[in-house]
Every structure is written in C-alpha cells, then in structure tokens.
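Structure first, then comments.
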Amino acid sequence: MKTAVIYWSATGNTEALARAAAEGAGVTAQTVSEFSDDVSSYDALVLGCPAMGAEVLEEDEFEPFFTGIEGSLSGKKVLLFGSYGWGDGEWMRNWQERAAAAGAELVGGEGFIVNEAPSDDELAKIRALAQTLA
C-alpha cells in the first residue's frame, strides 16, 4: 500500500510522532512544505498537526493543505495524529469529522493525540498503527 506521512510541527512533539509513524509505515515523513506529490496517487495518508489557538489546525500551512486534499480522501485509509497542550481534543474530533465526511476510512477509528511530548509508549503505539498501513 503506498503511504505518505505528512505533518506540521512547531515544537517538535508532532514531528516526533510523524517520525515514529513513518518508521512504522516504512516511508520518510515529510512536512507540509516538503510534500509535493499528488495525494490521489496514495492508498493511505498519515496526517499530523497539533492543536493551535482555540483548538484548530495550524492555519497558515496545514489548514490550506488539508482543505486542498479533502476532496481526494474518499476511499483512502487515513490516520490523523497530533499533540496538544490545552483543551480536550476538540480540534481532533472536528478534523476526524471532516475526514470522515470526505469519505476517508479512519485508521484506528479515531485520531491519535498526545498531551505535550509523546512518551516511548505513545511513539510505539503510533508506529504500530502506521505499520498496519504498510
């Protein structure tokens, strides 16, 4: 299965999750600004973004990227992940709803979120989830 791991990170917490997921999927993680392929050529997408502001996706790079690919998610396996430092995960629930409404098959049934820096156990869990896509 052709898989891409695409993320945005400010503090490195979401980047650590992206690298673990990429390791599990057997691919290289790419930031949103590095990714230049057409997502329609992928079977599975592993997408990472932390909660920003009032629990929203990062607005300058990630939100425009996700809005641009939303119409290409139908029938694809999608794993959403990110980190947060406040709130209750509303950004992930909203993101999941958008992906599901676009026809994505959410891996694990819900997004994978961690509070602040991921633990070794959390890194192992996302690595294992992403491995199911490989």
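The values are calculated or read from the model by the stated rules, or taken from the named source; none is laboratory data. Keep in mind that what you see is a predicted model, and the values were worked out from it rather than measured. No Cβ is skipped: glycine too gets one built from the backbone with ideal geometry, and neighbour counts run over all protein chains shown.
Tally the residues that are farther than 24 Å from residue 12 by Cβ and among the aromatic types (Phe, Trp, Tyr), restricting the search to the stretch 91-134.
Residues meeting the conditions: 0.
So in the stretch 1-31, with the set limited to residues that are hydrophobic (A, V, I, L, M, F, W, C) and closer than 18 Å to residue 84 by Cβ, which one is surrounded by the fewest Cβ atoms within 10 Å (Cβ to Cβ)?
So the residue we want is 10.
When you go through (1) surrounded by 20 or more Cβ atoms within 10 Å (Cβ to Cβ); (2) modelled with pLDDT of 95 or more one by one for residue 84, which number turns out not to apply?
If we test residue 84 against (1) surrounded by 20 or more Cβ atoms within 10 Å (Cβ to Cβ); (2) modelled with pLDDT of 95 or more, just (2) comes out false.
Give me the residue from the stretch 103-134 that is on the phi > 0 side of the Ramachandran plot and out of contact with any Ser or Thr (no Cβ under 7 Å at 6 or more places or on another chain) and, out of that set, surrounded by the fewest Cβ atoms within 10 Å (Cβ to Cβ).
109
What pairs come out if I take residues in the stretch 96-109 that are more than 22 Å from residue 127 (Cα to Cα) and pair them with residues that are modelled with pLDDT of 95 or more and of a type in the set (Ser, Thr, Tyr) whose C-beta lies under 6 Å away, six or more apart or interchain?
Filtered contacts from the stretch 96-109: 103/74.
So for the stretch 66-87 (the condition being closer than 18 Å to residue 3 by Cβ and basic (Lys, Arg)), does at least one residue qualify?
The answer is yes, given that some residue of the stretch 66-87 is closer than 18 Å to residue 3 by Cβ and basic (Lys, Arg).
Mind checking which residues of the stretch 102-117 are in contact with a strand residue (DSSP E or B) (Cβ under 7 Å, 6 or more places away or on another chain) and either of a type in the set (D, E, K, R) or farther than 26 Å from residue 69 by Cα (or both)?
The answer is 105, 115, 116.
Any idea which residue in the stretch 72-89 is nearest to residue 105 (Cα to Cα), counting only those that are within 10 Å of the chain's Cα centre (by Cα) and among the aliphatic types (A, V, I, L, M)?
78
Restricting attention to the stretch 48-72, which residues are surrounded by fewer than 21 Cβ atoms within 10 Å (Cβ to Cβ), small (Gly, Ala, Ser) and closer than 21 Å to residue 114 by Cβ?
53, 54
Are there any pairs, at least 6 apart or on different chains, whose C-beta atoms fall under 8 Å, with the first in the stretch 47-73 and at positive phi and the second among the small types (Gly, Ala, Ser), and if so, which?
Cβ pairs passing all conditions: 55/87; 55/89.
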